[in-house]
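Working notes, structure below.
The values are calculated or read from the model by the stated rules, or taken from the named source; none is laboratory data. Owing to the predicted nature of the structure, the values given are computational and were not obtained by experimental measurement. Here Cβ is always computed from backbone atoms with ideal geometry, including for glycine, and neighbour counts include all displayed protein chains. The protein model used for the area step is the full one, side chains on, heavy atoms only, and it has no ligands, DNA or RNA in it. Shrake-Rupley method; radii C 1.70, N 1.55, O 1.52, S 1.80 Å.
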Amino acid sequence: MGKDWDAVAEAVNTRLAELGMTQAELASKSRVSSAALRQIQHGVTPKTRRSPHTLAAISEALGWPSRHLEEVAAGEGEIGGHDRVKRLEDTVADLQERVRRLEEAAKS
């Protein structure tokens, strides 16, 4: 069975937006060429077998475990699933900080 490059594209593009990271920043951090990233971001099926190292490098640069995008491509992983708890924790921390600021403002 072939890889689901559209799912990989969705995962990468969603994560870039979440992190506020540009393609150029991802290229630098992952050491993957902008051309390869552009193909991945558009769900282009590679003409030759894509190196597992490429997906691992992108996964790690996006803060995921190294096998995350390989699992997404194989239909085994959730798109962004590994970070769901982390995102919820960050949201709760942000809300707690906002409440703290509102309480301080109300005291003033």
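Brief remarks follow.
- For L37, the conditions (1) within 13 Å of L62 (Cα to Cα); (2) out of contact with any Leu (no Cβ under 9 Å at 6 or more places or on another chain); (3) hydrophobic (A, V, I, L, M, F, W, C) all hold with the exception of (2).
- Selection from region 1-21 of residues that are under 15 Å from the mean Cα position of the chain (by Cα) and either among the aliphatic types (A, V, I, L, M) or open to solvent by 70 Å² or more (accessible area, probe 1.4 Å) (or both): D6, A7, V8, A9, E10, A11, V12, L16, A17, E18, L19, M21
- Enumeration of residues in region 2-58 that are assigned to a loop (DSSP other than H, G, I, E, B) and closer than 13 Å to E71 by Cα: G2, K3, D4
- Filter pass, T45 being open to solvent by 60 Å² or more (accessible area, probe 1.4 Å) and within 24 Å of T91 (Cβ to Cβ): no
- Qualifying positions in region 56-71 - in contact with a Phe, Trp or Tyr (Cβ under 9 Å, 6 or more places away or on another chain) and surrounded by fewer than 18 Cβ atoms within 10 Å (Cβ to Cβ): none
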